[in-house]
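For reference, the structure is listed below as structure tokens.
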Amino acid sequence: MTSLQEKSKLLSRWLRHRPDAIGLEIDKRGWVAVAELLLKSASAGVVLTQDELMQIVVENDKQRFSLSEDRTRIRAAQGHSVDVDLKLPVKTPPPVLFHGTAQKFIASIRRQGLLPGTRRDVHLSATKQTASEVGARRGTPVVLLVETFPLLRDGYRFRCSDNGVWLTPTIPARYIRFPDK
Ligand code: HQG
């Protein structure tokens, strides 16, 4: 039996990175038909009911999934590596955003700035606390501070995912404030 948490993780994987793993059709906005998802999931040996799916969407700790208004389609709110464009509107960010990373990446970030890696965007948090938790996934956490005004002034644009993650394609090192030490 696959637990609900495991099913939720699989859902993240399929909707962000590997729709092909179970033959899912993902459209260019990242949407997948719920009916197809349930069917293909079952074919892959993971029985997921409509009720379980709704429970995962509602109870997910980071609200990782969004449903279309008519609830027939689902997508990941952010974090994709597959080639999708969610068409989130450009939005003015708060004056300061935070990026949580690990100590081992700092030298490289000082050289190259923040790069999206395998994902579509650099992810930024509105709070230090969240950034610290994000960084802790990868090692000793380090929180970088980004003042957004200079970036906006220089033409950089931000988007905000349905679950409150701030997204931008890249941030050059000169805009990043590194902790002293
Ligand atoms: C680092 C989670 C070396 C970057 C979170 C990060 C987030 C560089 C890692 C979401 C670099 C990529 C995304 C450079 C950036 N040199 N390392 N130039 N530029 N990095 O997982 O931001 O739980 O792809 O600092 O909450 O950690 O999955 O990105 O450490 O919102 O829903 O390269 O994932 O959400 O790691 O996390 P990731 P992230 P979920």
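The values are calculated or read from the model by the stated rules, or taken from the named source; none is laboratory data. Keep in mind that this is a model prediction, so the values were computed, not measured. A quick note on method: Cβ atoms are made from the backbone with ideal geometry, for glycine too, and the neighbour counts reach across all protein chains shown. Heads up: the accessible areas ignore ligands, DNA and RNA and are worked out on the full protein's heavy atoms, side chains in. Shrake-Rupley method; radii C 1.70, N 1.55, O 1.52, S 1.80 Å.
Every condition in (1) open to solvent by less than 40 Å² (accessible area, probe 1.4 Å); (2) under 18 Å from the mean Cα position of the chain (by Cα); (3) closer than 23 Å to Ala77 by Cα is met by Ala102 except one, and the failing one is (3).
Of all the residues that make up the stretch 58-78, how many are among the β-branched types (Val, Ile, Thr) and crowded, with 18+ Cβ neighbours inside 10 Å? Walk me through how you get there before you give the answer.
Of all residues in the stretch 58-78, those among the β-branched types (Val, Ile, Thr) come to 58, 72, 74.
Right, trim to crowded, with 18+ Cβ neighbours inside 10 Å and you get 74.
The total comes to 1.
Close Cβ contacts (under 7 Å, 6 or more residues apart or on different chains) running from residues in the stretch 156-181 that are part of a loop (DSSP other than H, G, I, E, B) to residues that are of a type in the set (Phe, Trp, Tyr) comprise Phe158/Trp166. Scanning the stretch 93-136 for residues that are more than 6 Å from the ligand (Cβ to nearest atom), in a loop (DSSP other than H, G, I, E, B) and among the basic types (Lys, Arg) yields one hit, Arg120. Evaluated against (1) surrounded by 13 or more Cβ atoms within 10 Å (Cβ to Cβ); (2) among the acidic types (Asp, Glu); (3) over 19 Å from Gln78 (Cα atoms), Asp154 falls short on exactly one condition, (1). Exactly one residue out of Lys28, Lys62 is over 21 Å from Thr2 (Cβ atoms) and either charged (D, E, K, R) or part of a loop (DSSP other than H, G, I, E, B) (or both), and it is Lys28.
Scan the stretch 122-134 and give yes if some residue there is open to solvent by 40 Å² or more (accessible area, probe 1.4 Å), touching a residue at least 40 places away in the same chain (Cβ under 8 Å) and either among the polar types (S, T, N, Q) or out of contact with any Ser or Thr (no Cβ under 7 Å at 6 or more places or on another chain) (or both), otherwise no. Yes, because at least one residue in the stretch 122-134 is open to solvent by 40 Å² or more (accessible area, probe 1.4 Å), touching a residue at least 40 places away in the same chain (Cβ under 8 Å) and either among the polar types (S, T, N, Q) or out of contact with any Ser or Thr (no Cβ under 7 Å at 6 or more places or on another chain) (or both). Of note, Leu145 does not satisfy the criterion of being more than 13 Å from the ligand (Cβ to nearest atom) and assigned to a loop (DSSP other than H, G, I, E, B).
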